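The values are calculated or read from the model by the stated rules, or taken from the named source; none is laboratory data. Just so it is clear, the model here is predicted, and its values are computed rather than measured. Please note: Cβ atoms are built from the backbone with ideal geometry, for glycine as well, and neighbour counts cover all protein chains shown. Only protein heavy atoms, including side chains, enter the accessible area calculation; ligands, DNA and RNA are left aside. Shrake-Rupley method; radii C 1.70, N 1.55, O 1.52, S 1.80 Å.
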Amino acid sequence: LLEVTKIHKRQYQALSVILRYRWWGVCDIFFYTAQTKEMAWLFHRLTTIGHSGFVVCAANYYFVMTDFYKKVKLPIKILYFSVAGALIIILGFNSPFAEDLVLSKSGLGWTFVQTWSTPWPYIYLSYGFIYMGAALTVL
């Protein structure tokens, strides 16, 4: 009975990816339906945390599925997650793509004005390419 109810590392990682993806989706819903611009900014930042966190969770899932995580020493794992955690927090406060929020002309809620005038989009894309690139290489 204990063996049946025991959650394995792979199942835990899959659940982590699914929950992060749900966070991203739910915050997106609240972003688009927010009543004020301040609430829209709040949910947009929470969405940013969700999709930034999804990258590291999905990459780690690939590492677990291939048993690569067993070959990596603890200090490397700590560095891996601490860099990702710091980037998730920083990107949450400095939205990588939104410069401003405006009401959609179609009446379907808020949308953001995107520009590439800050370094945040490049930092986010580099983070995604590095983490997912490493995970897909291992996979």
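The table that follows gives values for the structure above.
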| item | result |
| --- | --- |
| Filtered residue count, the stretch 93-112, keeping only those that are at pLDDT below 90, open to solvent by 60 Å² or more (accessible area, probe 1.4 Å) and among the aliphatic types (A, V, I, L, M) | 1 |
| Checking ALA34 against (1) in a helix (DSSP H, G or I); (2) in contact (Cβ under 8 Å) with a residue 24 or more places away in the chain; (3) surrounded by 15 or more Cβ atoms within 10 Å (Cβ to Cβ), the condition it does not meet | (1) |
| Leading residue by the ranking (modelled with the lowest pLDDT) among those in the stretch 45-82 that are over 20 Å from TYR21 (Cα atoms) and β-branched (Val, Ile, Thr) | THR66 |
| Qualifying residue in the stretch 115-124 (condition: under 21 Å from GLY50 (Cβ atoms) and touching a residue at least 60 places away in the same chain (Cβ under 8 Å)) | yes |
| Any hit, the stretch 70-92, residues being open to solvent by 60 Å² or more (accessible area, probe 1.4 Å), under 20 Å from the mean Cα position of the chain (by Cα), aromatic (Phe, Trp, Tyr) and within 27 Å of GLU38 (Cα to Cα) | no |
